[in-house]
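Since the structure comes first, as structure tokens, the remarks are kept for the end.
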Amino acid sequence: MESKQVQFHSQRQMIADEVHARPFQQLSAPLKVLHFALMLGDKNIAEVRDDISEFFLQCGGQAMEPEASFCYQQLGSLALRWEAHTEFYTLTLYHDQLDSHWQQTLPGLPENWSDQLPGELMTGVQIQVLEPSHQSDEEVVEALFSNHQVIGSNVMRGAARVWTDFRAEGEFFLDRILVKNIHLHGYQCGRLLQRLCEIDTYRAVALLALEPARYAMRQVSQLDRELATITFKLSELDKGDESETLDALMALSAKAEEISADTVNRFSASDAYYALVRMRISELEEIRIEGLQTLEQFIDRRVDPAMRTWRAAALRLERLSQRIARASNLLRSRVDLSTEQKIHGLLSSMNKRTRRQLNLQAKLETFSIIVVTYYVFDLVERTIRHLTSGEPRDMAIHWLSYSLPGVVLLVWWYVRRITKEFESDD
């Protein structure tokens, strides 16, 4: 019996590779790291990949594979790491040589290497990883950070100690982070450095929503005032002025939708990036150093207010749209009420005309009774004259004359019965 060949899903390999995408590197102290995050700008990721591939070649590495979104190459004492993201990319440079002056360059890089990096530099960080030494932590921190206010904590369950002042300085305005290795193993050191780089990158990209949020706040405040004016005038409108108010509400709604369309993607992206910042900080497993603020406390104090700002802007936009909708409903109710009043007046006018017609018919009812009575009496008389003769005919005609009032009453009753339902209608 032949065995049936298994059919693989078209994306099976992609899903399997995604689990191992962007792996951590095995790193150890001493080590110097330069990490850059650059916005794509007008370039697409394919153009950026080609430029970075050329940069790798100039550093002595190999060209990247087509469609690659991650590349890591070890070139002796120099290592290069490139990652592609939705709206930016990161480039991380590693070297096993330290300096005491926070130099923002590394040996082994080509001349004017920074000019070859495509895109716009958004943020970056330089990290120095130190081996345990006889110097005290205070001496090391003072030597590298001068008199700047420093924050720090024990991380990775006490396997390392981290200090930073989050000040963008130097040629590329990079944040400075100092890591002291206590008992980190290779991959643990790689995870720590990658998390520190991602915290700095995602924090900066998340803050891109701050300026749009401030702009949206100003615009919403102006639209709020315009909407309040329009809503107040709703109670003072004369009949027939609803069209102008409706045009004003439509223009207001269009402005609100335009602001929302310009900011919704940025706000959503910043929410996602800030969630990543919080996740990466929790993965550091910080333990507070007495007298120092932790990274989590710093982020909560400096970044969380900005996060609340764009959330408040998004909420105000949503509430503005709801208020515009309520004002539109009020105007629509006013228009519907005016229309119903016009219809009611038209129906009342038609009803009055109908009643006048019925009154006229009632006045003509007497003439109708006389005519019907005449034709009934004439019909009966003719029938008697043709069917009888002599004395019976004279007797029948005589009694027919006496029955004339009865015929009139019968005809009058029949006509009244027909018109009774119309007379009772208001």
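The values are calculated or read from the model by the stated rules, or taken from the named source; none is laboratory data. Since we're looking at a predicted model, the values are computed, not measured. Here the Cβ is made from the backbone with ideal geometry for all residues, glycine too, and neighbour counts use every protein chain on show. For the accessible areas, the whole protein counts, side chains as well, though only heavy atoms, and no ligand, DNA or RNA atoms are used. Shrake-Rupley method; radii C 1.70, N 1.55, O 1.52, S 1.80 Å.
Candidates A327, A313: the one that is of a type in the set (G, A, S) and either outside any helix (DSSP H, G or I) or modelled with pLDDT of 90 or more (or both) is A313.
State whether one or more residues within the range 353-365 are at pLDDT 75 or above, surrounded by 11 or more Cβ atoms within 10 Å (Cβ to Cβ) and of a type outside the set (S, T, N, Q). Taking every residue of the range 353-365 in turn, at least one turns out to be at pLDDT 75 or above, surrounded by 11 or more Cβ atoms within 10 Å (Cβ to Cβ) and of a type outside the set (S, T, N, Q). Among the residues of the range 262-296, the ones that are farther than 13 Å from L207 by Cα, within 22 Å of the chain's Cα centre (by Cα) and acidic (D, E) come to 1 in all.
In the set I299, I259, only one residue is among the aliphatic types (A, V, I, L, M), open to solvent by less than 80 Å² (accessible area, probe 1.4 Å) and under 16 Å from the mean Cα position of the chain (by Cα); that residue is I259.
Of all residue pairs spaced 6 or more apart or on separate chains, those with beta-carbon atoms under 9 Å, a first member in the range 368-382 that is without any contact (Cβ under 8 Å) to a residue 40 or more places away in the chain and a second member that is open to solvent by 100 Å² or more (accessible area, probe 1.4 Å) are T373/L410; T373/W412; V376/L410. Contact map, the range 67-82: residues that are without any contact (Cβ under 8 Å) to a residue 60 or more places away in the chain paired with residues that are open to solvent by less than 20 Å² (accessible area, probe 1.4 Å) and of a type in the set (V, I, T), Cβ distance under 7 Å, separation 6+ or inter-chain. Pairs shown: R81/T92; W82/I52.
Closer than 21 Å to M39 by Cβ, open to solvent by less than 60 Å² (accessible area, probe 1.4 Å) and touching a strand residue (DSSP E or B) at 6+ places or on another chain (Cβ under 8 Å): is that true of D200 in this structure? The answer is yes for D200. Report the residue count in the range 43-52 for those that are part of a loop (DSSP other than H, G, I, E, B) and either loosely packed, with under 13 Cβ neighbours inside 10 Å or among the acidic types (D, E) (or both). Within the range 43-52, residues that are part of a loop (DSSP other than H, G, I, E, B) and either loosely packed, with under 13 Cβ neighbours inside 10 Å or among the acidic types (D, E) (or both) number 1. The set of residues in the range 383-403 that are in a helix (DSSP H, G or I), free of Cβ contacts under 8 Å to residues at least 12 places away in the same chain and open to solvent by less than 70 Å² (accessible area, probe 1.4 Å) comprises T383, G390, S401.
Within the range 299-318, one or more residues are under 30 Å from C189 (Cα atoms) and either of a type in the set (V, I, T) or in contact with a Lys or Arg (Cβ under 7 Å, 6 or more places away or on another chain) (or both).
Rundown of residues vs (1) aliphatic (A, V, I, L, M); (2) farther than 30 Å from Q128 by Cα, yes/no style:
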{"site": "T164", "(1), (2)": "no, no"}
{"site": "D175", "(1), (2)": "no, no"}
{"site": "G190", "(1), (2)": "no, no"}
{"site": "L223", "(1), (2)": "yes, yes"}
{"site": "T231", "(1), (2)": "no, yes"}
{"site": "L252", "(1), (2)": "yes, yes"}
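Cβ-Cβ contacts under 9 Å between residues 6 or more apart (or on different chains), taken from a first residue in the range 138-152 that is in contact (Cβ under 8 Å) with a residue 40 or more places away in the chain and farther than 15 Å from Q128 by Cβ to a second residue that is part of a helix (DSSP H, G or I) and open to solvent by 70 Å² or more (accessible area, probe 1.4 Å), are listed as I151/Q297. For the range 19-42, taking the residues that are within 14 Å of R191 (Cβ to Cβ), out of contact with any Asp or Glu (no Cβ under 7 Å at 6 or more places or on another chain) and open to solvent by 30 Å² or more (accessible area, probe 1.4 Å), the one that is modelled with the lowest pLDDT is identified as P23. Taking every residue in the range 268-279 that is under 14 Å from A313 (Cβ atoms) and pairing it with any residue that is open to solvent by less than 30 Å² (accessible area, probe 1.4 Å) and among the small types (G, A, S), at least 6 positions away or on another chain, the pairs with Cβ-Cβ distances below 7 Å are S270/A206; S270/A209. Applying a threshold of 9 Å to beta carbon distances and a minimum spacing of six or more residues, or different chains, the list of pairs starting in the range 111-123 at a residue that is farther than 19 Å from L57 by Cβ and ending at one that is open to solvent by less than 50 Å² (accessible area, probe 1.4 Å) and among the acidic types (D, E) reads T123/D175; T123/D200.
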